[in-house]
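Let me begin by presenting the structure, written as structure tokens, before commenting on it.
The values are calculated or read from the model by the stated rules, or taken from the named source; none is laboratory data. Computed from a predicted structure; not experimentally measured. Ideal geometry is used to build each Cβ from the backbone, glycine not excepted, and the neighbour counts take in all protein chains shown.
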Amino acid sequence: MYLNKYNEGHPYDYPSPSRFMATAHWPTVIRAIRSGKPYPVRALIAQATNPLLWLGNSKLVYEGLKALDLVVVMGVFMTSTAMLADYILPATDWLERPRR
């Protein structure tokens, strides 16, 4: 059984949701795109996010996104980041999903 402070004593056996989150520190990623240190970043997949809107220093973020070889955005809405993307993958809204 996977126990942590969020599901302790819960009748179902499930792991913490944070185990499945594969995210990076956005300001560090943008700096790595621009400088190539500690390693070059050449592609970005953004799911349900708009870094041009919520990250500080939008000009640096814009230049970083334009410098990438590949940008893929998956979302419900056409955001400013999606407008810069090479590929846009549509996501479903809660109304589009089948009820169980």
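Name every residue in the stretch 85-100 that is within 14 Å of Q47 (Cα to Cα) and not in a loop (DSSP other than H, G, I, E, B), in order of residue number.
Within the stretch 85-100, Y87, I88, L89, P90 meet the criteria.
For the stretch 20-34, does any single residue satisfy the condition of being of a type in the set (S, T, N, Q) and modelled with pLDDT under 80?
For the stretch 20-34, residues of a type in the set (S, T, N, Q) and modelled with pLDDT under 80: present.
Taking into account only those residues within the stretch 58-83 that are assigned to a loop (DSSP other than H, G, I, E, B) and either touching a residue at least 24 places away in the same chain (Cβ under 8 Å) or within 11 Å of the chain's Cα centre (by Cα) (or both), which is farthest from V29 (Cα to Cα)?
V76
Filter the stretch 40-61 down to residues that are hydroxyl-bearing (S, T, Y) and buried (at least 16 other Cβ atoms within 10 Å of the Cβ), then give me how many there are.
Qualifying residue count for the region: 1.
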